[in-house]
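Worksheet: the structure to be examined is printed underneath.
Derivation of every value follows stated rules applied to the coordinates shown; laboratory data play no part. Computed from a prediction, not measured in an experiment: that's the story for all the values here.
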Amino acid sequence: MMSFFTLNMGQASTQPDLSLRDILARSCHRISAVYNLTDRQSVLSGDSTPSRILEAIFDPGALGFVGEESTAILAQLPGSSRACLLAQAIAGIICIFERLAKSSEVTPETFDRALLLFSGSEQRTSMLSSIERSGLFNRCYLKSQIVELIAASLRRECRESPAEEAEQDLSWATELPPRNLGVPWGLSIMVLN
């Protein structure tokens, strides 16, 4: 699924001519093979499966951007927003398939239960918000950074406070060598409030 991301001068994006539903429809079979899911009733290859997965992942207000008829709307969004939505969809489908992997076989009942449990879970909410708050998609140079963000959101190790996020955004400044501010050797500047 990482092949659907594009990177251009630090900006992550997706292919504008594909909807998230199309991407999920193309990827469901590959993902189920990774999890070695037994799907004798072909629940995961059904026509409505990608739409149902997206409905479980996203809030009702976001479904206009990710549904079947969303290709034109999605193309109007900035590339970083499209990449964020795709990363959220990937993380969500991984969570759902991990729930399905706990059952011995995928049936319509286990699929419905996995969707229901995920759509009402705190994990979904925190995962979506941690990916959205990351800001990675405006300063992304490697697809592996997107993979790390998705993995971190699934482990719930994403930063929770804005102070930690600001500290991470300024981490590049500490990598630079210290500058001489013109203060003679042995003297320092004391800040007075």
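Based on alpha-carbon atoms only, what is the radius of gyration of the stretch 2-160 relative to the globular estimate 2.2 N^0.38 Å? Intermediate results must be reported in sequence, preceding the final value.
Working: Rg = 15.0 Å, N = 159, 2.2 N^0.38 = 15.1 Å.
Relative to the rule-of-thumb radius for its length, the stretch 2-160 sits at 1.00.
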Roughly what % of Cα-Cα distances in the stretch 1-64 sit above 18 Å, to the whole percent? 47 percent
